[in-house]
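Read-outs: derived from the displayed coordinates by stated rules, not from any lab. Note that the structure is a prediction, hence the values are computed from the model and not measured. As a convention, Cβ positions derive from the backbone with ideal geometry for all residues, glycine included, and neighbour counts pool all protein chains shown.
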Amino acid sequence: MISVVQLGTVDYGTALELQHSLVERRKRGEIGDVLMLLEHPRVITLGRNARAANVIAAPEQLAARGVEVFECDRGGDVTYHGPGQLVGYPIFDLRGFVPPVGAVEFVRRLEEVLIRTCADFGIAAERVAGMTGVWTTPGSPQRPGETEKEKPQGKIAAIGVHISRGVTSHGFALNVNTDLSDFELIVPCGISQKPVTSMAKELGTTIPLSEVADVVARRCSEVFASEVRPVNALDALLGHPVGVPMRAPEEIRKLRGESEETWA
């Protein structure tokens, strides 16, 4: 069973702390598998293998655009999160699947979830050998007036995970209605030779994030062969009353109390 919680817009530091809390609870067996689906304000994150040079923009430029910068323990290089992007954080115990799922297989399954999600909206997507993530398929259906040669392959989803004692954290970012100009602040995932794209760019229209989130949850159920259930409150997820509704992200900050721990 995978509990799916849609949080709306949550700042990166709050989401990171919530992940850490859920991971510890999952390790202790206090909760089952959880998939958090949310949206972040503008933020650049640096994974364990990140090169500082892949953040192109100067600190002053980032500050002017309201972009935070965080270091984190996920795999991968530099990536960007922002409005219009669906971010998924699976807190899964890979040892609980039958047969158990390894790290590489877990990443391949996340890619498959995203490939199937794109297909549901009429976007052909695929893997690229030797790279992690999901790219649009060259020559996939065009918007009116476009030709195949005008349709380059673009990266539509990034993946970066962390696994501790079999329990996963971090996850994927699917560009739905994302402002792609923000990717000019970085070299996305350290890959400069392929452009970044979004579902909105591919389709020529915006899509409600909640609609995409529902499809992701359904495809996750298929790919991981596990039933999913929507959870609307932390009470239901954690098994005790905390009075924090999942769909009011500003209230989640109450979980942090007066903590001044710095994540960036």
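The H on the amide N of R74, modeled in the peptide plane, is under 5 Å from the matching H of R48, each at least 5 residues off or on a different chain.
Extending 7 Å from the Cα toward the beta-carbon at both S226 and A129 defines two label points whose distance is 3.2 nm. A straight chain from D11 to A64 at 0.36 nm per residue would run longer than the Cα-Cα distance by 17.3 nm. Using the Karplus relation 6.51 cos²θ - 1.76 cosθ + 1.60 with θ = phi - 60°, the per-residue 3J(HN,Hα) values for region 33-43 come to 5, 9, 10, 8, 10, 7, 9, 10, x, 4, 7 Hz, with x marking Gly and Pro.
Remark on A124: its backbone amide H falls under 5 Å from those of T137, a criterion applied only to residues 5 or more positions apart or on other chains, H modelled at 1.01 Å from N. Of the beta bridges in region 1-124, as assigned by DSSP with both residues counted there, near 45 percent are antiparallel.
Counting Lys and Arg as +1 and Asp and Glu as -1 over every other residue whose Cβ lies under 12 Å from the Cβ of G84, the net charge comes to -1. Amide hydrogen proximity for L35: with H placed 1.01 Å from N in the peptide plane, the residues at 5 or more positions away or on another chain lying under 5 Å are S3, V4, V5, I91.
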